[in-house]
Amino acid sequence: MSPLAIFHRLAHDTFSSFLLSLSQAGSSKASTFRNAIPTSEDIFARIRLWLGQTRAVVVVPVFKFMVALCLIMSVMLFVEMMYMGIVVAYVKLFKRKPEKVYKWEAMEDDVECGSESFPMVLVQIPMYNEKEVCEQSIAAACKISWPSNRIIIQVLDDSTDPASKELVEKECERWSKEGVNVTFEIRDNRNGYKAGALREGMKHSYVKQCDYVAIFDADFQPDPDFLLRTVPFLIHNPKLALVQGRWEFVNADQCMMTRLQEMSLSYHFTVEQQVGSSTFAFFGFNGTAGVWRISALNESGGWNDQTTVEDMDLAVRATLRGWKFLYIDDLKVKSELPCSFNALRSQQHRWTCGPANLFRKMAGQIIRSENVSVGKKLYMIYSFFFMRKIVAHVLTFGFYCVILPATVMFPEVTVPKWAAFYLPSLITLFIAIGRLRSIHLLAFWVLFENAMSLLRTKALVMGLLETGRVQEWVVTEKLGDGLKTKLIAQVPRENHVRFRERVHLLELLVGAYLLFCGCYDIIFGKNTLYVYLLLQSTAFFVVGFGFVGKYVPASS
């Protein structure tokens, strides 16, 4: 074979070997690549592993921390309520009535001076489109027992409804013709809402001759002896700035919702107001059914509309000036509870958002005040604001409606029975003492209050962050003639509104969450928490669809 043929053969064999090696290498790499592609089972296994690690390292520790925080708040709230219970028991047991603690003498005509011995009193009645109740409130104020030449009834009407304004004006004219010193005052704007109306009312020249001012909202009907029972405290105790009466509800029996409201407000007056008055002579002015010393009101800066709780704002500022307050538990003033659910929601939003916003704005001033003792500062900051206006709402919703239900999905996290059952039961029973006649409604009250806690928590966040509807003011709808049972046909317009306007989405979402937790507990759980979860989810659904606030027919 020639050398050239040998070279060609060698080159061919070498190239063939090279191609064969490349083919084998490619096949090996392709096989390795195919083996490197994960299957769907591998992906799901890795996801489960990652979720398990995240649950163990992050979720469970965070959840345990939140549970521990709620347990601490539960104990704090329980201690606070036990403290208030001890104070109330002391007041009742030792009969520490206001007449024994403060100087008080009955008002009588002086032989020489006659009615001139009575101080001049201004009675303010702020109104806004409240034709249903204006006549009865003006009539009640005009019937107060006080010398006619020593009292001025001032009706402050901000109504935008011409019919309401005309009715109020005619009622004022009617009583004026009967010899009552009543004035009808209007504004061309609603700046400052109620606070603005009261502030403008104090600017009239005839107010300068007055020593005290009594304030009644449009649905309040004071008894004739209201001033005779309150003003003497202010006359004989120069450090007192305010005497506050208790609300009594003429329509408490109209429906289930009003009965449940009565329980909450009865506790507020019987316990919270009583404790504040008896210990540090400080409590939140309720905005009505009270008498102020005008000099104290002016010294404190007058009415301020920086928040929607102008009454509490004034009370705090007056306290920082060194003034004291007195609450009289047996001085009852007739008033009306909202029986429309939307009206109640607006009221509760204002009552929760306002104090939170006020706390944000006034906490620093309270701490820096030189006219208030350290103990009183502690009471105002910790007990009055932090515990009652913040912790109580956060704990009710955060713990009992979010965290406790979630424990059914976290067997690693346990909530002690004393925190899940015993403490809330004791607190609930203590609250029920304020209105024993409704104790059989206790379970409904718990479910309803928990359902309302979502609205309050949202309002609380708005107030603390000063965002959203923080300055929203909606006048609570009133029906009037609360002493008589209404017919179902006379239910407010809310019963006839469109279905979508009654639905509250957030409540429905929480209801669905609780329902899921309850079903999960039935299937996988080892306790009976599902009983509470299913009942509470039902309450959220009822509230979410607006099926509350209806009238209950009463027998004649």
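The values are calculated or read from the model by the stated rules, or taken from the named source; none is laboratory data. Model, not experiment: these values are computed from the prediction. Backbone-built Cβ (ideal geometry, glycine too); neighbour counts: all protein chains shown. Note: areas computed on protein heavy atoms with side chains; ligands, DNA, RNA excluded. Shrake-Rupley method; radii C 1.70, N 1.55, O 1.52, S 1.80 Å.
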Counting sequence-distant residues (5 or more places) and residues on other chains, those with an amide H built under 5 Å from that of LYS334 are GLN221, ASP223, GLU248
Cα-only Rg/Rh for the stretch 40-148 with Kirkwood Rh rounds to 1.44
Binned at 10 Å starting from 0, the alpha-carbon pair-distance distribution of the stretch 146-279 in whole percents comes out as 9, 30, 35, 23, 3
Over its alpha-carbon atoms, the stretch 269-381 yields an Rg and a Dmax in Å of 14.6, 45
Residues meeting the amide H criterion for ILE153 (H placed from the backbone, H to H distance under 5 Å, 5 or more places apart or on another chain) are VAL123, ASN181, VAL182, THR183
Applied in sequence order to the stretch 144-150, the curve 6.51 cos²θ - 1.76 cosθ + 1.60 (Karplus, θ = phi - 60°) yields integer Hz couplings, x standing for Gly and Pro, of 4, 6, 6, x, 4, 8, 10
Taking a probe of 1.4 Å and leaving out DNA, RNA and ligands, the stretch 351-420 shows per residue an accessible area in Å² of 41
Taking only C-alpha positions in the chain, Rg and Dmax in angstrom work out to 33.6, 159
For 528-534, 370-376, ranked highest to lowest by mean beta-carbon neighbours within 10 Å, the order is 528-534, 370-376
Normalised Cα Rg of the stretch 320-422, dividing by 2.2 N^0.38 Å with N its residue count, works out at 1.48
One would report the Cα pair-distance distribution of the stretch 112-225, bin width 10 Å, in %, as 14, 48, 31, 6, 1
Using alpha-carbon coordinates alone, the radius of gyration and Dmax of the stretch 286-331 in Å work out to 10.7, 32
For the stretch 375-417, inverting the pair-averaged 1/r of distinct alpha-carbon atoms gives a Kirkwood value in Å of 12.1
Which residues qualify? For SER340, with a placed amide H closer than 5 Å and at least 5 residues away or on another chain, they are none
Candidate span helices, the chain: DSSP H, at least 27 Å along axis from Cα coords, Kyte-Doolittle average at least 0.0, result 3-36, 60-93, 442-465, 505-524
For the table LYS143/LYS239; LYS194/LYS239; LYS100/LYS458; LYS239/LYS389; LYS194/LYS361, the rows whose alpha-carbon distance is greater than 31 Å are LYS100/LYS458
One would report the Cα pair-distance distribution of the stretch 254-321, bin width 5 Å, in %, as 3, 15, 21, 23, 16, 12, 6, 3, 1
With the 8 Å Cα cutoff and a minimum separation of six or more residues, the chain has a relative contact order in percent of 16
